[in-house]
Amino acid sequence: MSAESPAADYAGAEKQRLSETRSIDYIPPSERHGHPFSQFTLWFGGNLQITAIVTGALAVVLGGDVVWSIIGLLVGQVVGAAIMSLHAIQGPRLGLPQMITSRMQFGVYGAVIPLVLVCIMYVGFSASGTVLAGQALAKLINTSNASGMILFSAIIVVIAVLGYRVIHKLGKVASVIGVLAFVYLFITLLSTHDLSAVWQNQHFTVANFLLAVSLSSSWQIAFCPYVSDYSRYLPANVSAKKLFSCVFFGTVLGTQASMTLGVIVAAIAGKAFSGNEVGYIVSLGSSATMAMVIYFAICFGKITFTTLNAYGSFMSLTTIVSGFRQKTALSRGGRILFVVLMVTISCVIALISEPAFLKSFTHFLLFLLAFFVPWSAISLTDFYLITKGKVDVPALSQPNGRYGRWNWAGIIVYFCGVLVQLPFIDNPLHHGSLTWIFAGNDVSWIIGWIVTALLWLAARKVDRRGTLSHSVYPNQ
């Protein structure tokens with residue numbers, strides 16, 4: 001028997017295990033497996049779902065036309081997905097979840113700052129998914145919307161506790177179900193409605209075009225804090241080009257298909273769409289049987305997407321707690337407790353906010369950009385231009401180690417990145433004083449990303465404590 005057999009046998013057993021045993025700890029080479037195409041099915045299937053449809057519809061609901069809304073959404077997809085896909089490459093290269101690597105730039109304790117904001121994001125997205133999936137599930141099993149949301153949340157808890165492998169398997173099934181459902185809906189639209197008037201109604205405005213770009217780019221950038229959580233089990237030497245392509249095209253094609261459908265449906269429905277998003281889409285079914293099939297497709301699609309958020313919230317909360325406890329392992333009971341806690345909070349918010357969902361979600365989605373763009377700029381600039389992917393893994397759990405408790409350079413640059421955006425934000429939650437320079441159009445996220453990246457490059461020329469000649473791994 002070769003010396004490598006025990007490791008190979010362990011790796012094989014891990015691949016077959018349904019429930020994930022790791023949490024935020026480093027994934028050793030013996031447990032790495034998979035192919036980049038698994039990322040395509042995950043992000044393609046995960047984005048063929050109702051919340052993406054509603055987000056695309058917002059471009060029309062808020063004043064845009066069909067043609068320029070679709071073009072603007074596509075532009076935003078490409079920009080946001082490119083940033084997201086660059087983050088995906090960090091997974092196999094570092095073998096770590098996305099947010100624990102923020103300790104390299106913020107310090108072991110300082111990383112809590114972006115982590116808390118990430119948790120808020122997860123809760124918000126999970127709540128929005130619970131609203132729409134709960135409505136669909138309620139119709140499917142003939143119960144109240146509240147009961148549908150609670151039952152849906154219980155399903156999410158089970159899947160999120162099982163973890164990484166089950167989520168990837170769901171992504172593959174969701175891809176098939178999603179494609180079939182969307183093909184049916186598009187065919188139904190084309191065969192039962194005269195879309196000529198919709199296509200001819202073109203009224204380009206810079207404001208509406210940039211709104212569409214911001215909607216889709218913020219959708220993609222919101223994935224950045226957890227995209228590498230789902231690529232970290234891939235072999236460390238996996239092709240960066242293949243991985244980038246699989247994530248990029250999976251998320252762009254899936255999201256653009258959903259948002260395009262939302263644009264067309266909203267244009268046809270007019271005022272009948274807002275407040276009855278699920279019901280109107282299901283009404284496209286030509287029979288009661290097909291309506292039930294569409295309800296099922298909506299529920300299944302939301303299971304995948306909401307599980308991503310529940311799993312991400314569990315990973316982020318674990319990272320917060322572990323930073324102060326100086327541990328990376330989490331017990332089975334702790335895993336269940338964290339997942340239940342985050343999903344319960346999301347469910348409560350969904351139950352409270354259901355009537356005002358569309359309006360609240362719009363404001364929430366766009367305002368998120370101000371807080372995640374600076375984090376993304378710091379993370380990517382550090383990984384690709386400064387550390388070149390080299391990390392001291394044990395030091396990520398050592399407050400007195402290489403990365404320290406608080407990296408004030410990273411924290412200050414981060415808040416500067418947030419603050420520089422505030423004058424240029426045009427959102428019901430915040431109206432910037434300098435938006436008039438761009439005719440009232442919100443370009444804050446572009447300014448924030450560029451300024452933060454430049455500031456971080458300058459800061460790291462002064463403080464290079466985290467720069468290594470080679471990576472350091474546990475037990476090395």
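Some observations on this one:
- Figure legend. Inter-residue proximity from the range 396-407: first residues at positive phi and in contact (Cβ under 8 Å) with a residue 60 or more places away in the chain, second residues of a type in the set (Phe, Trp, Tyr) and assigned to a loop (DSSP other than H, G, I, E, B), beta-carbon distance below 9 Å, spacing 6+ or different chains. Indicated pairs: 404/109.
- Here residue 60 meets each of (1) over 18 Å from the mean Cα position of the chain (by Cα); (2) open to solvent by less than 10 Å² (accessible area, probe 1.4 Å) with one exception, condition (2).
- Condition check for residue 67 on (1) part of a helix (DSSP H, G or I); (2) more than 20 Å from the chain's Cα centre (by Cα); (3) hydrophobic (A, V, I, L, M, F, W, C); (4) under 21 Å from residue 233 (Cβ atoms): one failure, at (4).
- Residue within the range 280-287 that is on the phi < 0 side of the Ramachandran plot and either surrounded by 24 or more Cβ atoms within 10 Å (Cβ to Cβ) or touching a Cys at 6+ places or on another chain (Cβ under 8 Å) (or both) present: yes
- Single unsatisfied condition, residue 436 versus (1) at pLDDT 95 or above; (2) out of contact with any Ser or Thr (no Cβ under 9 Å at 6 or more places or on another chain): (1)
- Within the range 156-175, the set of residues being in a helix (DSSP H, G or I), out of contact with any helix residue (DSSP H, G or I) (no Cβ under 6 Å at 6 or more places or on another chain) and in contact (Cβ under 8 Å) with a residue 40 or more places away in the chain comprises 162, 164, 165, 173.
- If the condition is being under 22 Å from residue 455 (Cα atoms), open to solvent by less than 20 Å² (accessible area, probe 1.4 Å) and assigned to a helix (DSSP H, G or I), then the range 384-420 contributes 386, 410, 411, 413, 414, 417, 418.
- Residues of the range 154-175 that are over 18 Å from the mean Cα position of the chain (by Cα) and open to solvent by less than 20 Å² (accessible area, probe 1.4 Å): 161 alone.
- Of all residues making up the range 237-273, the number that are under 24 Å from the mean Cα position of the chain (by Cα) and either surrounded by fewer than 19 Cβ atoms within 10 Å (Cβ to Cβ) or not in a helix (DSSP H, G or I) (or both): 8
- Within the range 416-432, not a single residue is modelled with pLDDT of 90 or more and under 24 Å from residue 93 (Cα atoms).
- Residue within the range 215-225 that is open to solvent by 40 Å² or more (accessible area, probe 1.4 Å), more than 19 Å from residue 132 (Cβ to Cβ), touching a residue at least 40 places away in the same chain (Cβ under 8 Å) and part of a helix (DSSP H, G or I) present: no
- For residue 331: the one exception among (1) at pLDDT 85 or above; (2) open to solvent by 40 Å² or more (accessible area, probe 1.4 Å): (1)
The values are calculated or read from the model by the stated rules, or taken from the named source; none is laboratory data. Treat the numbers as computed from the prediction; the structure is a model and nothing was measured. FYI the Cβ positions are ideal-geometry reconstructions off the backbone, even for glycines, and counts take in every protein chain you see. Ligands, DNA and RNA are excluded from the accessible area calculation, which covers all protein heavy atoms including side chains. Shrake-Rupley method; radii C 1.70, N 1.55, O 1.52, S 1.80 Å.
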